[in-house]
């Protein structure tokens, strides 16, 4: 991310990383991107839980919720609205791909300005494209928000300008997986559906928030393989991540969608939930 | 790699990299690993050609053979035997996955001690395993030696100790692709066969050297999908990369192989070729 305001590397204010860090050499690490509002990192526990799960999948030592939460608050407290990125790597050392016997992981927390997306995108919806770049299928890495992100970089390079706001990605077998930076949901015949993340894709924190809200609202939700034709026939379509929260999709290629009632209800519930969480934290 | 003796970052002696470098954030870059003997980087032109091709695949600006060759010689000249790694990234900048409009690529050249593999491995052959970790299939990235190397890291973490020297990897459909750090060849009924690198895997420089030597020796060579049962039934089996050159495989799991005549001939031709190249360079 451009415009890093401030960063902590293993607790010290720094802007650089050792050349031999395995994050740089091999993408041997994980990360998460957190929205900070009113100086409070939103859904922090969920982000830390996900980091811990992702570390376990890669046998990466996890530094612990305590130190990450403390540093997250230290860094984001100075800025009322920003984006906080937490990145964990296996640290330096190990010859070749072989992991060091006793890794000293690197933890990087960095603070960035909130992206300047026009606010009306949340209300009026976005224009999307179907990316040519596909996601390779590998259950070994599926779900993990790891540092191997070339597929997303190539997909995002397929368009320029501000007319397209997100690209949707299929796997190499042609099933819908996610957006380049978001998860995707659709409504069809009263059921909320989102792609299974068991073969590729990122299990986003906002995706799990939306799942929780759907259950709370007694809305049927299914994780499934979703085809392109199903995508085009959806009644409602939206994408989510922790920075944008929820963007309704108004157009995908030449197909248009209404911003429907379930989309509006979920977007509103997310906003409420964030407000409630903020009140709870401020009272503690 | 551990034990980096010396490094140049964009031509300057440095040991660290900006936190916001896209190589660190996304693995948005490529690399190559070069053996240096008698102070001369071996097969340098082939390595630079491959870097240039890989950059083109990722739309990464290539710095040019001239500057890389000059810096490679500057760095490796001080050390008669070492490993030289050249790593190119899309540099800093770009918000999220979106590439900067005018990227300023980062080039890193680093010098490392030669790994201390026992010399008898070259002669007597190695013990290998079949890795559980599979390679995802994605033609978009196939062949490129890019910085997204988590699959290799996970495969290499499946064993410890010095009894196993390399692990062979299959793709998610069960076809043989490569070793964790090498390409693989087998002889069967007088034909040399190596996996196609069109769906995943790295098109190694030593792989192309061996192909050239096979053609020169009028040895039939085929790139093909190779199954596990074919692997187990091979008459000869060997792996290659630019640092190890060629290691015969003596054992894969519980199956044993002879170090055969074609393997020995190719190993010897590689040594001769490197010697000839050295003489040519020294005469210039």
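The values are calculated or read from the model by the stated rules, or taken from the named source; none is laboratory data. Only a predicted model underlies this, so the values are computations on that prediction, with no experimental measurement involved. Neighbour counts are summed over all protein chains in view; Cβ atoms, including those assigned to glycine, are modelled from backbone coordinates with ideal geometry.
Considering (1) touching a helix residue (DSSP H, G or I) at 6+ places or on another chain (Cβ under 9 Å); (2) at the interface with chain A (Cβ under 10 Å from one of its Cβ atoms), the lone condition that residue B:15 does not fulfil carries the number (1). I want to confirm something. Restricting to the range B:1-12 and keeping residues that are farther than 20 Å from residue B:64 by Cα and more than 7 Å from chain A (Cβ to nearest Cβ), which single residue is surrounded by the most Cβ atoms within 10 Å (Cβ to Cβ)? Looking at residues that are farther than 20 Å from residue B:64 by Cα and more than 7 Å from chain A (Cβ to nearest Cβ), I get B:6.
Being in contact with a helix residue (DSSP H, G or I) (Cβ under 9 Å, 6 or more places away or on another chain) and more than 14 Å from chain A (Cβ to nearest Cβ) is the requirement here; does residue B:109 meet it? No. The single residue among A:51, A:58 that is out of contact with any helix residue (DSSP H, G or I) (no Cβ under 6 Å at 6 or more places or on another chain), crowded, with 17+ Cβ neighbours inside 10 Å and within 10 Å of chain B (Cβ to nearest Cβ) turns out to be A:58. Residues in the range A:97-106 that are surrounded by 20 or more Cβ atoms within 10 Å (Cβ to Cβ) and within 7 Å of chain B (Cβ to nearest Cβ): A:97, A:99. What number of residues within the range B:222-272 are surrounded by fewer than 17 Cβ atoms within 10 Å (Cβ to Cβ), without any contact (Cβ under 8 Å) to a residue 60 or more places away in the chain and more than 24 Å from residue B:198 (Cα to Cα)? Residues meeting the conditions: 11. Residue B:87 meets the conditions (1) at pLDDT below 95; (2) within 13 Å of chain A (Cβ to nearest Cβ) in every case but one. The failed one is (1).
Looking only at residues in the range A:23-37 that are farther than 20 Å from residue B:23 by Cα and out of contact with any helix residue (DSSP H, G or I) (no Cβ under 6 Å at 6 or more places or on another chain), the one that is modelled with the highest pLDDT is A:35. Of the residues B:39, B:66, only one is away from chain A (no Cβ under 12 Å) and free of Cβ contacts under 8 Å to residues at least 24 places away in the same chain; which? Only one candidate qualifies: B:66. Out of all the residues in the range B:176-190, is one or more within 22 Å of residue A:58 (Cβ to Cβ), at the interface with chain A (Cβ under 9 Å from one of its Cβ atoms) and surrounded by 14 or more Cβ atoms within 10 Å (Cβ to Cβ)? Within the range B:176-190, one or more residues are within 22 Å of residue A:58 (Cβ to Cβ), at the interface with chain A (Cβ under 9 Å from one of its Cβ atoms) and surrounded by 14 or more Cβ atoms within 10 Å (Cβ to Cβ). Residues that are in contact (Cβ under 8 Å) with a residue 12 or more places away in the chain and over 17 Å from residue B:62 (Cβ atoms) within the range B:86-113 comprise B:92, B:93, B:94, B:97, B:110, B:111, B:112, B:113, listed in sequence order.
Pick from the range B:144-161 the residues that are touching a helix residue (DSSP H, G or I) at 6+ places or on another chain (Cβ under 8 Å) and either within 12 Å of residue A:150 (Cβ to Cβ) or surrounded by fewer than 23 Cβ atoms within 10 Å (Cβ to Cβ) (or both): which of them is farthest from the other protein chains (Cβ to nearest Cβ)? So, considering only residues that are touching a helix residue (DSSP H, G or I) at 6+ places or on another chain (Cβ under 8 Å) and either within 12 Å of residue A:150 (Cβ to Cβ) or surrounded by fewer than 23 Cβ atoms within 10 Å (Cβ to Cβ) (or both), the one farthest from the other protein chains (Cβ to nearest Cβ) is B:145. Each residue in the range A:163-175 was checked for being more than 11 Å from every other protein chain (Cβ to nearest Cβ) and over 12 Å from residue A:131 (Cβ atoms), and 4 pass. Return yes when residue B:136 is in the same structural domain as residue B:153 (by TED's automatic domain parsing), in contact with a strand residue (DSSP E or B) (Cβ under 7 Å, 6 or more places away or on another chain) and over 30 Å from residue B:261 (Cβ atoms) and no when it is not. The answer is yes for residue B:136.
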